[in-house]
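Below: the structure, in structure tokens.
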Amino acid sequence: MTTQTPRTLGTTGPQVFPLGLGCMGMSGMYGEADRAESIATIHAALEAGVTLLDTGDFYGMGHNELLVAEALRTAPAALRENALTSVKFGAHRGPDGSWLGYDTRPAAVKTWAAYSLQRLGVDHIDVYRPARLDPDVPIEETVGAIAELVEQGYVRHIGLSEVGADTIRRAAATAPIADLQIEYALISRGPEREILPTLRELGIAVTAYGVLSRGLLSGHVTPGQQYAANDFRAHSPRFQGDNLQHNLNLVEALRKIAEQKGVSVAQIAIAWVLSRGEDIVPLIGARTRTRLDEALGALDVTLDAADLAAVEAAVPADAAAGERYAPAQMAMLDSER
């Protein structure tokens with residue numbers, strides 16, 4: 001892999017490796033994960049130069065933060081010092097894993113942060129963000145509370161997640177915002193309409209999750225594939241019935257272009273997101289070192305104008321069948337309103 005130029009999270013945020021590691025899938029959101037392999041994958045990512053580790057306090061009800069903490073604690077000191085933590089907070093969950101809403105009141109913000117700092121075993125969080133907009137709390141109050149944590153040294157930078165242009169503007173008027181985390185992929189291009197232009201006007205970066213659309217664009221999903229009940233994809237509209245077959249047809253069209261370039265489907269899908277701008281940092285949800293190696297290979301894929309035209313002809317904007325979340329979760333997305 002070639003030496004990579006860092007990308008910066010907005011005008012106020014840190015410099016990071018061009019790809020971040022999304023750790024959510026290491027805590028059961030996509031079925032069972034192997035703890036030892038998860039930690040080895042985090043170590044391998046840090047050794048490859050990855051700096052941004054993305055987690056959430058509600059991933060596995062604290063499991064993911066404890067996993068990241070163990071990986072950091074057992075990593076060589078030089079790698080540990082380069083690691084940056086990106087943490088989402090605010091979601092209520094029941095013992096059965098059910099989603100019970102959000103709480104981003106100022107007192108709750110500080111409570112969530114206190115628990116995350118303890119679980120992660122760190123004295124500060126590098127980027128702290130509400131996972132969703134709390135409909136009962138003005139964004140100014142939530143961001144203001146994080147700004148107080150910044151002043152106190154517990155947080156370095158403020159991030160947002162899955163919010164729309166109006167909310168972004170209100171948040172940015174309250175305190176400096178480093179980045180917005182949002183799903184952005186070849187088959188999830190909604191941010192291009194209004195959100196990306198707003199971010200660029202305000203000097204806010206994007207950490208893009210779902211760049212492989214929960215594995216749909218990985219090239220490894222097969223028709224009729226079955227998922228465990230605790231796997232997100234078992235309930236995702238894009239993985240159901242005729243929707244899945246339609247979407248896999250798009251993947252096969254993309255595979256032809258990838259094969260012509262001598263790369264994998266996943267690599268060309270990640271390279272497409274990387275090509276969208278230096279202010280975009282894709283988050284790779286690799287759970288194994290094999291998948292991590294494949295994703296890192298995307299950094300060596302160059303897409304020229306002809307390649308990009310071919311990719312977009314194979315997978316046009318709005319070509320996917322099915323929403324990216326089930327209806328109840330879609331209703332929680334300020335970014336989709």
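Report, to two decimal places, the Cα Rg of region 152-197 normalised by 2.2 N^0.38 Å (N = number of residues).
Details: Rg = 12.1 Å, N = 46, 2.2 N^0.38 = 9.4 Å.
Cα Rg divided by the expected 2.2 N^0.38 Å: 1.29.
If you line up the long axis of helix 35-47 against the longest principal axis of the chain, both from Cα atoms, how many degrees apart are they, to the nearest 10? Tilt of helix 35-47: around 90 degrees.
Once the Cα atoms are used to define both axes, helix 305-314 deviates from the longest principal axis of the chain by about 80 degrees. Just so you know, the Rg over Rh for region 34-78 is 0.95, from Cα atoms, with Rh as the Kirkwood radius. Placing a label point 7 Å from the Cα of ARG289 along the Cα-to-Cβ line, the residues of region 38-60 whose backbone N sits under 17 Å from it are 38-50. As a fraction of the 1.4 Å probe accessible area of region 1-150, surface on carbon and sulfur atoms comes out at 54 percent.
Once backbone amide H atoms are built at 1.01 Å from N, ILE284 has GLY20, LEU21, GLY22 as its partners under 5 Å, excluding neighbours fewer than 5 places away on the same chain. According to the Cα-based calculation, Rg over Rh for the chain is 0.94, with Rh computed by the Kirkwood formula. Per-residue extension of 0.36 nm, minus the Cα-Cα distance of ALA326 and ALA306, leaves a gain of 3.7 nm for this segment.
The length gained on full extension between ARG73 and LYS256, counted as 0.36 nm times the residue separation minus their Cα-Cα distance, comes to 61.6 nm. Residues in the chain average 41 Å² of solvent-accessible surface per residue, probe 1.4 Å, ligands and nucleic acids excluded.
Once backbone amide H atoms are built at 1.01 Å from N, VAL122 has no partners under 5 Å, excluding neighbours fewer than 5 places away on the same chain. Once divided by 2.2 N^0.38 Å, the Cα radius of gyration of region 140-254 becomes 1.35.
Scaled to the compact-protein estimate 2.2 N^0.38 Å, what is the alpha-carbon radius of gyration of region 209-298, rounded to two decimal places? Write down the numbers at each step before the final one.
Numbers: Rg = 13.3 Å, N = 90, 2.2 N^0.38 = 12.2 Å.
In units of the globular-protein estimate, region 209-298 measures up at 1.09.
Ranking GLY277, ALA295, SER335 by Cα position along the charge dipole of region 261-337, where only Lys, Arg, Asp and Glu carry charges on their C-beta atoms, puts ALA295 farthest toward the positive end.
Once Rh is set to the Kirkwood radius over Cα pairs, what Stokes-Einstein translational diffusion coefficient, in µm²/s, holds for region 63-196 at a temperature of 37 °C and a viscosity of 0.692 mPa s? It would help to have the intermediate numbers written out before the result.
Values: Rh = 15.8 Å.
Translational D for this selection: 208 µm²/s.
The residues GLU278, GLU151, GLU252, sorted by heavy-atom accessible surface at 1.4 Å with ligands and nucleic acids left out, run GLU151, GLU278, GLU252 from largest to smallest. The ellipsoid that matches the Cα gyration tensor of region 127-184 has semi-axes, each √(5λ) in whole angstrom, of 17, 13, 10, with the longest given first.
Work out, step by step, the length gained on full extension between HIS246 and ALA313: first 0.36 nm times the residue separation, then minus their alpha carbon distance; give nm to one decimal.
Details: separation 67, 0.36 × 67 = 24.12 nm, distance 1.54 nm.
Net length gain for the segment: 22.6 nm.
Per residue, the convex hull around the alpha carbon atoms of region 84-135 comes to 86 Å³. Placing unit charges on each Cβ (+1 for Lys and Arg, -1 for Asp and Glu) gives the chain a dipole about its Cα centre, and among VAL143, TYR325, ALA44 the Cα reaching farthest toward its positive end belongs to ALA44. Listed values for region 211-225 are Karplus-derived 3J(HN,Hα) couplings in whole Hz (6.51 cos²θ - 1.76 cosθ + 1.60, θ = phi - 60°), namely 5, 9, 6, 6, x, 4, 8, 7, x, 10, 8, 10, x, x, 4, and x replaces Gly and Pro. Over the residues of the chain, the helix contribution to mean residue ellipticity at 222 nm works out to -11500 deg cm²/dmol, using -39500 (n - 2.57) for each DSSP H run of at least 4. For region 283-324, the Kirkwood hydrodynamic radius comes to 12.7 Å, computed from all pairs of different C-alpha atoms.
Largest GNM mean-square fluctuation across ILE280, ILE268, ILE257, computed for the chain with C-alpha springs under 10 Å, falls on ILE257. Placing one equal scatterer on every Cα of region 1-143 and applying the Debye formula, the log10 ratio I(q)/I(0) at q = 0.16, 0.22 Å⁻¹ is -0.88, -1.42. Cross-link partners for LYS110 among the lysines, with Cα-Cα distance under 27 Å and sequence neighbours closer than 8 places in the same chain left out: LYS88.
Distances between placed amide hydrogens fall under 5 Å for ALA205 paired with GLY10, THR11, ASP179, LEU180, all partners being 5 or more residues away or on another chain.
Within the P(r) computed for region 1-56, what percentage of the Cα pairs occupies the region above 18 Å?
Working: 636 of 1540 pairs.
Cα-Cα pairs of region 1-56 separated by over 18 Å account for 41 percent.
Size estimate for region 18-102 follows the Kirkwood approach: the inverse of mean 1/r over distinct Cα pairs works out to 13.2 Å.
Against the main long axis of the alpha-carbon atoms of the chain, helix 241-261 sits at an angle near 70°.
The values are calculated or read from the model by the stated rules, or taken from the named source; none is laboratory data. Everything quoted here is computed from the prediction, not taken from an experiment. Methodologically, a virtual Cβ is constructed for each residue, glycine included, from the backbone with ideal geometry; neighbour enumeration extends over all protein chains shown. Accessible surface areas use protein heavy atoms only, side chains included; no ligands, DNA or RNA. Shrake-Rupley method; radii C 1.70, N 1.55, O 1.52, S 1.80 Å.
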